[in-house]
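Peer 1: The structure's right below; bear with me while I get my questions together.
Values in this text are rule-based calculations from the coordinates and carry no lab data. The structure displayed is predicted, hence computed values, not measured ones. Don't worry about glycine lacking a Cβ; one is built from the backbone with ideal geometry, like all the others, and counts go over all protein chains shown.
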Amino acid sequence: MLWGGVAGGGLEVRRKKGGGVRLAGRFPYNSRAVLSDGGRTGRPRKEQFASGAFRHSIETMQEVHLLVGHSFDRPLASRGAGTLELTDTPEALTFAADIASELEDVSYVRDALALLAVGQIAGISPGFRIPPERTVPNAETVEEEDPAEGNALIRTINEAILFELSLVTRPAYSETQIEARNWSLAPQARIFTRKRHAIERWR
């Protein structure tokens, strides 16, 4: 599973009448994240999600969880439980989650809400997979950045399978994940390529 993220995605917490918390947020499309500055000799790498990148997962009512820090051991809500609503718009993937009052007594939920209150949790990060090329040929593409803006390689995720959304303190790719990916511009198709593993599946 791969993770992505952007700062400033927007999170809102409201106390519900009768107990519990209503948590809402958004993950904007077409917002570029800098994955690597290229170091001393390499080229910068940036990534963005195209509008509707998660539409298939949303329309098919696939199970999606809301987690803390990409840990399935720290769930907050889910579509299967009827506590997570997802909406896809041209601008962003938005969500609304109802956290039951009973969960507020759980230590990781209490900690997460406290971190939200003081601004230490500042973003949303999706956990996803890219579909096999045989199924969706152009699920991801790589192109040159406009020379007027820089010389980065820009990877655009056009379609992905969404498994979870996470509240995170720093919504960005870790160095290990960046290093595990190979970027190349194919002579004609400009297809993003990366190492394949036996257990690999859609994000």
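Peer 1: Label-point separation (nm) for E12 and R32, each offset 7 Å from Cα along Cα-to-Cβ?
Peer 2: 3.0 nm
Peer 1: Let me ask something else. Describe numerically, in nm with one decimal, the distance between label points set 7 Å from Cα along Cα→Cβ at E59 and at E102.
Peer 2: That separation, rounded to one decimal, is 3.6 nm.
Peer 1: What is the calculated FRET efficiency for T87 to E143, with r their C-beta to C-beta distance and R₀ = 41 Å, to the nearest 0.05?
Peer 2: With R0 = 41 Å, the Cβ-Cβ based efficiency is 0.90.
Peer 1: Something else: At most 16 other Cβ atoms within 10 Å and a DSSP loop assignment: could you name the GluC sites (Glu not before Pro) in segment 43-146 that fit?
Peer 2: Taking segment 43-146 and a limit of 16 other Cβ atoms within 10 Å, the loop GluC sites (Glu not before Pro) found are E63, E91, E133, E145.
Peer 1: At a 10 Å Cβ-Cβ cut-off, how would you order L23, L103, fewest neighbours first?
Peer 2: L103, L23
Peer 1: DSSP loop (so not H, G, I, E, B), at most 15 other Cβ within 10 Å: list which trypsin sites (Lys or Arg not before Pro) in segment 26-98 pass both filters.
Peer 2: R40
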